[in-house]
Amino acid sequence: MAIVGGRIIYAEVNKKKEEQATGLNINVSVDDVVVNKGVLEIKYTYTVTYEKDVATLKITGYIEAKEDGADKIVAEWKKSKKLPDSFSEDLLNAINFTCGVNGTLIVRALNLAPPMVLPKIQIGKSGNAA
C-alpha cells in the first residue's frame with residue numbers, strides 16, 4: 001500500500017471530570033471504502049476513551065492509498081465490511097500514527113495524557129534494548 005494523501009475532517013475532545021485518567025482505550029473503525037480514479041479512499045473514526053469516564057477524543061478523517069486490486073478491495077468491503085489483513089495492518093498503523101500525533105496536540109489544551117500507547121522497552125540478557 002502506498003499512502004498518497006489524507007485529511008482529518010473532524011476532531012472533538014470532551015473532558016468530563018477533573019481527575020487523572022487511569023488508562024485509555026483506543027478504537028479505530030473503518031467507516032467506508034470507495035475507489036476514485038484508481039485511488040482508495042478509506043474513511044475512518046478514531047476514538048479514545050480515557051478510563052473511569054474522564055474524557056473522550058474523537059477524530060474522523062480519510063486516507064487515500066494506492067493498492068493493486070483496489071476494485072476487489074472495495075467489492076469485498078461492500079460485501080463483508082472486511083479488508084485484506086496485510087492492507088489493514090498498514091492502514092491501521094497509518095491511522096494510529098496520524099491520529100496519535102494530532103490527538104496529542106488536541107488533548108494538550110485540556111491537560112490530558114497523549115492518546116498513544118508507547119512500546120515498552122525491555123533490556124535483553126545481552127544488555128541491548130529489545
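From T22, T49, which residue is touching a residue at least 12 places away in the same chain (Cβ under 8 Å), surrounded by 18 or more Cβ atoms within 10 Å (Cβ to Cβ) and hydroxyl-bearing (S, T, Y)?
Testing whether each residue is touching a residue at least 12 places away in the same chain (Cβ under 8 Å), surrounded by 18 or more Cβ atoms within 10 Å (Cβ to Cβ) and hydroxyl-bearing (S, T, Y) leaves just T49.
Within region 7-27, which residues are touching a Gly at 6+ places or on another chain (Cβ under 9 Å) and modelled with pLDDT of 95 or more?
Passing the criteria: R7, I8, I9, Y10, A11, V13.
Of the residues T45, T49, which is assigned to a strand (DSSP E or B), under 12 Å from the mean Cα position of the chain (by Cα) and not aliphatic (A, V, I, L, M)?
Unique residue meeting the criteria: T45.
Just a yes or no: is a residue in region 85-92 at pLDDT 90 or above, surrounded by 17 or more Cβ atoms within 10 Å (Cβ to Cβ) and not in a loop (DSSP other than H, G, I, E, B)?
Within region 85-92, one or more residues are at pLDDT 90 or above, surrounded by 17 or more Cβ atoms within 10 Å (Cβ to Cβ) and not in a loop (DSSP other than H, G, I, E, B).
The values are calculated or read from the model by the stated rules, or taken from the named source; none is laboratory data. Fair warning: this is a prediction, and the values are worked out from it, not measured in the lab. We place every Cβ from the backbone using ideal geometry, glycine too, and count neighbours over all the protein chains shown.
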